[in-house]
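The values are calculated or read from the model by the stated rules, or taken from the named source; none is laboratory data. Computed from a prediction, not measured in an experiment: that's the story for all the values here. Using ideal geometry, Cβ is built from the backbone for each residue, glycine included, and neighbour counts are taken over all protein chains shown. Ligands, DNA and RNA are stripped out before the accessible areas are found, and what is left, the full protein with its side chains, is counted by its heavy atoms. Shrake-Rupley method; radii C 1.70, N 1.55, O 1.52, S 1.80 Å.
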Amino acid sequence: MTGRFITVEGTEGVGKSTNLAFIEGFLRSRAIDVITTREPGGTPLAEELRELLLAKREEPVDACAELLMVFAARAQHLNQLVAPALARGQWVLCDRFTDATYAYQGAGRGLSLETISKLEFLVQGSLQPDITVWLDIDVRLGLERARARADLDRFEEEDVSFFERVRAGYRARAEEAPARFCRINAGQPLARVQADIQRALEAFL
Ligand code: TMP
């Protein structure tokens, strides 16, 4: 039996790390063999590409180059780690996946959704997540949280209007795939966010 593929998405400061750990713990409590990974990244080569993508640099990064690096990392991650794990029957919990590309490179950078969809098919064929937990939060609130905690990477340095477009991009994805997407109001206190996530996962199981 093949495993299930769960992805977690959202803009900056939504609490992805905390809630990924919560989801992993919940699945393990149900005796599910799960591996947790992330995009961009998840294998040594894909992690190197992640560093290149997130690094701040003087040279402006061409949006198309950014898109191709994201998909290069994804091809490596998918073929080396995600697909073999699913084939072995393991579940894969992934911090971001292709919805992030539609949101950040499509809605955020303004690249053509049709081009993204062609690359998606090239890299993934018909593989899609089984469920996507979208942690949704007011952009300004999320940015305040994200900026309070660490050095900013190249994406986190973008302005509010960029993240408003990204959030709208996620909303559009959720509307296109309502059966797969589960929107969680991440602006609530953590206990309520996690209760909502648990309810969604129980329904999924
Ligand atoms: P994060 O792991 O801290 O969320 O950082 C990853 C960054 O990479 C985040 O700002 C979003 C960005 N990203 C894209 O722009 N496109 C993608 O397809 C993915 C997976 C991530």
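Things to note:
- Accessible surface, per residue, of region 79-127 when the full set of protein chains is kept, probe 1.4 Å, Å²: 43
- Sulfur and carbon atoms: percent of accessible area, the chain [1.4 Å]: 52
- Three semi-axes of the equivalent ellipsoid, region 65-172, Cα gyration tensor, whole Å, largest first: 26, 17, 13
- Rule-of-thumb Rg ratio for region 128-167 [Cα; 2.2 N^0.38 Å; N residues]: 1.34
- Multiplying the residue separation of Ser29 and Arg88 by 0.36 nm and removing their Cα-Cα distance gives an extension gain of 19.2 nm.
- Exposed trypsin sites (Lys or Arg not before Pro) absent - longest run of the chain, DSSP non-H/G/I/E/B, at most 15 other C-beta within 10 Å: 58-153
- Modelled label reach - Cys64, point 7 Å along Cα→Cβ, region 104-118 residues with backbone N closer than 17 Å: 105-106, 109-118
- The chain: relative contact order as a whole-number percent, Cα under 8 Å and 6+ apart: 33
- Within the chain, the whole DSSP H helices whose Cα atoms reach 18 Å or more along their own axis and whose mean Kyte-Doolittle score is at least 0.0 are 16-29, 63-77, 190-204.
- With all pairs of separate Cα atoms included, region 5-204 yields a Kirkwood hydrodynamic radius of 17.2 Å.
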